[in-house]
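First up is the structure itself, then whatever we jot down about it.
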Amino acid sequence: MEQKREIKKKRDVKIYIPLTIVLLIVIIGGLYWYKEYTKYISTDDAHIESDKISVSSKILGRIQHLYVDESDTVKAGQLLADLDSADLVSQKIQAIAAKAQAEASKVQAEAKLKYDEENIKVYEVGLAKAKEDYDRAKTQYAGDVITKEQYDHIKKACESAKAQLDASRSQLNVSKSQIGSTAAAIESSAAQIGVIETQLRNTRLYAASDGIIAKKWLMPGDIVQAGQSIYTISNNNKLWVTIYLEETKMDRVHLNQNVIYTIDAFSDEVFYGKIYSIGSNTASQFSLIPPNNASGNFTKVTQRVPLKVSIDGLTSGKKLSNYKILAGMSAVVKIVKD
């Protein structure tokens, strides 16, 4: 009988011990969940982001040289790439030659204008003398002092002098017009040279800011279109954590709220920061096909609001510079409830 009791006690112990362990695990897990739920707003929909700058060409051209590669560190104003400029250089030479020719034509036209002005002065003096002779001849012819033939010669001489003066004045206007057209040609050539020089400057691409070459999109010899990216620069000196938080959790979120988080690459370390930006729209509003209810068969989906969190330091007190944090790394975030 006693042996049966011993066996039953052992059997009960084997049953109660696992049940007790399971119960303790449930209680501890429940307490931990309750603590986390009441103290934090948690999400793993978060990652590191940085400013990204696209280095693109303003003009169509063939890539001649690329001076940096992916993962290279660059400084603002550093030369990154050259486009083939042979065609533009030829066009500039042609424009300079056209300008020089127009300037030479202007010099000739100005010399011709000066010559025409001198001729006009001579013809004006000759016409004045011819008019005096004609006026005198009219009086003399009326008094039968000179013959009809002499009178006609003097009259024709006056008319010829007037015609020469008119022709000279007309030629003067032509010379002035030529000067105007050559001046316009010079201005046009100068403007063309300016445009070509601007395009030549656009064949050299420089870094707009400090950063790291995150992506090289093209290779030397490729044809780049205007506005097409050649490099993407990631400014890793300015990093933050972007969170996409469910709209149902937004009622307890505000600016300057404390946040702690772990980065998957450094899972043993806890970072901290503050919320410094709350999106004015849900993330889906900027998707390729934004949701709408135009068809009438709407399916409600919980929307997410983007938040930006600063990277201020580590709770352990270690230096932030010891960790190579990169854009795109995943994070698990806990927003501290006030």
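Every number in this text was worked out from the coordinates using simple rules, so none of it is lab data. None of the values given here were measured: they were computed from a predicted structure. All Cβ positions, glycine included, derive from the backbone under ideal geometry; neighbour counts span all protein chains shown.
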Expressed in nanometres to one decimal, the distance between label points 7 Å along Cα→Cβ at residue 308 and residue 190 is 4.6 nm
For the chain, give the magnitude of the charge dipole about the Cα centre (Cβ charges: +1 Lys/Arg, -1 Asp/Glu; no others), in debye to the nearest 20.
1760 debye
Along the range 164-171, what does the Karplus equation 6.51 cos²θ - 1.76 cosθ + 1.60 (θ = phi - 60°) give for ³J(HN,Hα), rounded to whole Hz, x for Gly and Pro?
5, 5, 4, 5, 5, 5, 5, 5
Neighbouring Cβ atoms within 10 Å as the yardstick, rank 59, 230 fewest first.
59, 230
For residue 98, placing the label point 7 angstrom along Cα-to-beta-carbon and taking the range 191-217, residues whose amide nitrogen sits under 19 Å are 191-201
In what sequence do 47, 153, 254 fall when counting other Cβ within 10 Å, fewest first?
254, 153, 47
Scan around residue 72 for amide H atoms under 5 Å from its own, H built in the peptide plane at 1.01 Å from N, and keep only partners 5 or more places away or cross-chain.
213
Under 5 Å from the placed amide H of residue 64, counting only residues 5+ away or on other chains, we find 82, 83, 84, 221
Most positive-pole-ward Cα, 203, 98, 259, against dipole of the chain from beta carbon charges:
259
